[in-house]
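Q: The structure under discussion is supplied below as structure tokens; questions concerning it will follow.
The values are calculated or read from the model by the stated rules, or taken from the named source; none is laboratory data. Not measured: the values here are computed from a predicted model. Counting neighbours? That spans all protein chains shown, and the Cβs are built from the backbone with ideal geometry, glycine included. Side chains included, ligands, DNA and RNA excluded: accessible areas come from the protein's heavy atoms. Shrake-Rupley method; radii C 1.70, N 1.55, O 1.52, S 1.80 Å.
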Amino acid sequence: MQADRYTRLVSWLKVVFPLMALALLSTLFLLSRVIDPEAVIPFADKEIQDRLKGQQVTGPFYTGTTADGDEIAFSAQSLTTSNTERGVNRARNVDVEIDLAGGTQITLDAAEGYFNLAQDNVDLEGDVLVTTSTGYRIESDLLSARMTGLNLKSPGPVDATGPIGTLNAGSMTLTSETEGGPAQLFFTNGVKLVYTPKGDE
């Protein structure tokens with residue numbers, strides 16, 4: 001009698017367990033959330049637009065050598081591609097070091113820089129500071145330069161101090177008159193010089 005009960009129980013469980021498993025699977029499918037493959041990605045619209053506006057590089061650093069043998073090292077806090085102009089990049093907190101083949105070193109510091117690769121040009125803006133190993137310190141609001149050669153121009157007023165004294169001018173150019181020649185500073189457009197003679201040593 002007991003064996004008969006055991007046989008019936010086993011037979012009954014063989015039917016119940018598959019039914020229970022089927023019921024659980026059905027419940028899972030019924031309770032699962034329907035996923036719409038075309039649903040919007042959970043990002044805010046502003047965040048998406050900001051990411052699409054321009055690619056940004058943090059802490060860019062670049063070194064190169066011009067055809068005349070001058071070495072140029074560029075660094076910035078960040079570099080962002082332009083949204084409207086192809087080949088134009090905007091840099092913040094720009095530092096440039098130029099080691100001329102003749103031995104002179106020039107450093108440039110600016111709040112912002114706009115680099116146009118197609119036109120081989122860079123515009124430095126915002127408290128531009130130029131210092132040279134020959135003793136000149138030049139301040140300007142805007143400085144334009146070539147990226148493949150020595151040609152720095154300040155189209156607006158500059159304030160400078162140097163070995164000869166204090167100098168103010170309407171514009172300034174730093175270039176070499178001949179290819180591969182020594183760098184020369186030219187101050188033009190209303191130059192005012194306060195000469196400071198050196199004391200006898």
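Q: Just to check your reading of the model, which residue among A118, A110, A91, A101 is within 18 Å of the chain's Cα centre (by Cα), among the aliphatic types (A, V, I, L, M) and outside any strand (DSSP E or B)? Can you show your working first?
A: Numbers: A110 fails: outside any strand (DSSP E or B); A91 fails: outside any strand (DSSP E or B); A101 fails: within 18 Å of the chain's Cα centre (by Cα).
The conditions single out A118.
Q: While we're here: Mind telling me which of the residues S154, S171, S133 ends up being hydroxyl-bearing (S, T, Y), within 20 Å of S75 (Cα to Cα) and modelled with pLDDT of 90 or more? Give the steps one after another, and end with the answer.
A: On the way: S154 fails: within 20 Å of S75 (Cα to Cα); S171 fails: within 20 Å of S75 (Cα to Cα).
Among S154, S171, S133, only S133 is hydroxyl-bearing (S, T, Y), within 20 Å of S75 (Cα to Cα) and modelled with pLDDT of 90 or more.
Q: Looking at the structure I just gave you, is E85 closer than 19 Å to E125 by Cα and outside any strand (DSSP E or B)? Reasoning before the result, please.
A: Values: closer than 19 Å to E125 by Cα: yes; outside any strand (DSSP E or B): yes.
Here the answer is yes, as E85 does meet what is asked.
Q: Let me ask you something else. Just to be sure I understand the filter: pairs with C-beta atoms under 8 Å, separated by 6 or more residues or on different chains, first member in the stretch 85-114 and more than 16 Å from Y62 (Cβ to Cβ) and free of Cβ contacts under 8 Å to residues at least 12 places away in the same chain, second member surrounded by fewer than 14 Cβ atoms within 10 Å (Cβ to Cβ) and among the acidic types (D, E). Which pairs pass?
A: Taking only residues 6 or more apart or on different chains, not a single pair turns up.
Q: Here is a further query. For the stretch 41-51, does any single residue satisfy the condition of being modelled with pLDDT of 80 or more and in a loop (DSSP other than H, G, I, E, B)?
A: First, the residues of the stretch 41-51 that are modelled with pLDDT of 80 or more: none.
The answer is no; no qualifying residue exists.
Q: Just to be sure I understand, how many residues within the stretch 57-68 are assigned to a strand (DSSP E or B) and open to solvent by 50 Å² or more (accessible area, probe 1.4 Å)? Can you show your working first?
A: Kept after step one, since they are assigned to a strand (DSSP E or B), are these residues of the stretch 57-68: 57-58, 61-65.
With the extra rule that they be open to solvent by 50 Å² or more (accessible area, probe 1.4 Å), the set shrinks to 57-58, 61-63, 65.
Selection size over the stretch 57-68: 6.
Let's see how each residue does on (1) under 25 Å from N151 (Cβ atoms); (2) at pLDDT 60 or above; (3) touching a Ser or Thr at 6+ places or on another chain (Cβ under 7 Å); (4) hydrophobic (A, V, I, L, M, F, W, C):
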| site | (1), (2), (3), (4) |
| --- | --- |
| S11 | no, yes, no, no |
| L25 | no, no, no, yes |
| L30 | no, no, no, yes |
| T58 | no, yes, yes, no |
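Q: Can you find a residue in the stretch 92-114 that is open to solvent by 70 Å² or more (accessible area, probe 1.4 Å), at pLDDT 85 or above and over 22 Å from G149 (Cβ atoms)?
A: Yes, that holds for at least one residue.
Q: Still on this structure, I have one more. Determine which member of the set E71, E85 is under 21 Å from T134 (Cα atoms), open to solvent by 80 Å² or more (accessible area, probe 1.4 Å) and modelled with pLDDT under 90. Talk me through it step by step, then tell me what you get.
A: Numbers: E85 fails: under 21 Å from T134 (Cα atoms).
Answer to the selection: E71.
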